[in-house]
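Working notes for the structure below.
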Amino acid sequence: MKVLDAEFVQGFIRMADDGWQQGWHERNGGNLSYRVKPEEADSVKESFAPGEWKPIGVFVPELAGEYFLVTGSGKYFRNVIIKPEESIGLIELDGRGENYRIVWGLAGGGVPTSELPTHLMNHEVKKKQNEKYRVIYHAHTTNMIALTFVLPLKDEVFTRELWEMATECPVVFPDGVGVVPWMVPGGSRIAEATSELMKTYDLAVWAHHGMFAAGEDFDLTFGLMHTAEKSAEILVKMLSMRPDKLQTISPDNFRDLAKDFHVTLPEKFLYEKQ
Ligand code: 2HA
Ligand code: ZN
């Protein structure tokens, strides 16, 4: 099969375009990666033209030999749907999880996303927890970024405030949201900080920058980003009307919700407010 005919590639392209249409990917902002299933890689192998091995920049032994579909560094999400062979690429990791090579796409000398270290370290953490996790998504979500200027950069505060803004939130992300303070993007230090949070959460906020989401498939991962960002939008709107709430969802309301929806909500997020 041709790479572009494969369902996982079509799903990837659709998700990138969905993100563009949400307004989360100005210029070359954001990046997306998918850990390809062995049978999916096999189904498109006839189109592979492997390039040179290059260092990843981090060490991800648990991902040795795996294939990833990734967006390209400096590529625009806006162009993924019209120029997929230039905007995205399939990479293979070596047997030690130290080097990668491009086997398809990123035509014209492209390279994988500048956030490849964070993507792969997050994939490694998630795969160890649950083999079903395959998608890592980074977006410049406007309202969440705005909140990083006015809320304390604490997991407990972001989680609780987002949960309160939409009843579905604690059901969609019951483990909560982690927050990475401002750091230089693109390297191994921010990759380590983010993947540490991914041990606990499926969502990490990068202060003054954006968000990372992890999930099992494109629908769940896009849906997670979308739900969190919508909740952030409601909070921005609420704070724009007045600084306090007349009423909200209480800690006991959350406990009742947890029972009926069969989710566990950590008590650290259900603190009493003054
Ligand atoms: O430009 O979003 O974080 C890609 C990015 C870097
Ligand atoms: Zn970014």
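Any read-out appearing in this document is the output of simple, stated calculations on the displayed coordinates, not a laboratory observation. Computed from a prediction, not measured in an experiment: that's the story for all the values here. Glycine gets a Cβ as well: all are built from the backbone with ideal geometry, and neighbour counts include every protein chain shown.
For R255 and V184, what does the FRET efficiency come to when R0 = 41 Å and r is the distance between their Cβ atoms, rounded to the nearest 0.05? Plugging the Cβ-Cβ distance into 1/(1 + (r/R0)^6) gives 0.55. Computed 3J(HN,Hα) for region 182-199, one whole-Hz value per residue from the Karplus formula 6.51 cos²θ - 1.76 cosθ + 1.60 where θ = phi - 60°, is 4, 9, 5, x, x, x, 7, 5, 5, 5, 5, 4, 5, 5, 4, 5, 5, 5, glycine and proline marked x.
Between amide H atoms placed 1.01 Å from N, distances below 5 Å from T148 occur with H208, all of them 5 or more places distant or on a separate chain. Derived scalar couplings between HN and Hα for region 13-25 equal 5, 4, 5, 4, 5, 4, x, 4, 5, 6, x, 9, 9 Hz in order, rounded to whole Hz, by the Karplus curve 6.51 cos²θ - 1.76 cosθ + 1.60 (θ = phi - 60°), x for Gly and Pro. Taking the Cα centre of the chain as reference, the dipole from Cβ charges on Lys and Arg (+1) and Asp and Glu (-1) amounts to some 560 debye. In order along region 249-260, phi translates into HN-Hα couplings of 7, 8, x, 5, 4, 4, 4, 5, 4, 4, 4, 5 Hz, rounded to whole numbers, per the Karplus curve 6.51 cos²θ - 1.76 cosθ + 1.60 with θ = phi - 60° and x for Gly and Pro.
For V177, the residues whose amide H sits under 5 Å from its own are T159, ignoring neighbours fewer than 5 places away on the same chain, with H placed 1.01 Å from N. Once the Cβ-Cβ distance of K268 and K128 is raised to the sixth power relative to R0 = 30 Å, the FRET efficiency obtained is 0.80.
Using helices alone, what [θ] at 222 nm do you get for the chain, with -39,500 (n - 2.57) per DSSP H run of 4 or more residues, divided over all residues and rounded to the nearest 500?
Numbers: 11 runs with 112 residues, N = 274.
Rounded to the nearest 500, it is -12000 deg cm²/dmol.
The charge dipole of region 223-274, taken about its Cα centre with unit charges on the Cβ of Lys, Arg, Asp and Glu (plus for the first two, minus for the last two), comes to roughly 140 debye. Note on region 123-274: Kirkwood radius taken over Cα pairs, Stokes-Einstein applied at 10 °C and 1.306 mPa s, translational D equal to 101 µm² s⁻¹.
Positive end of the dipole of region 52-168 (Cβ unit charges, origin at the Cα centre): among F149, V111, A166, the Cα lying farthest that way belongs to V111.
In summary, the chain shows an alpha-carbon radius of gyration equal to 1.02 times the 2.2 N^0.38 Å reference for compact globular proteins. For region 1-96, taking Cα atoms only, Rg and Dmax work out to 13.7, 38 Å respectively.
What is the magnitude of the charge dipole of region 78-153 about its Cα centre, with +1 placed on the Cβ of each Lys and Arg, -1 on the Cβ of each Asp and Glu, and no other charges, expressed in debye to the nearest 20? Write out the running numbers ahead of the final one.
Numbers: 9 positive and 8 negative charges, 50 e Å.
It comes to approximately 240 debye.
Applying 1/(1 + (r/R0)^6) with R0 = 41 Å to the Cβ-Cβ distance of D217 and L153, what FRET efficiency is obtained, to the nearest 0.05? Don't skip to the answer; put the middle values down first.
Working: r = 30 Å, r/R0 = 0.73.
According to the calculation, E is roughly 0.85.
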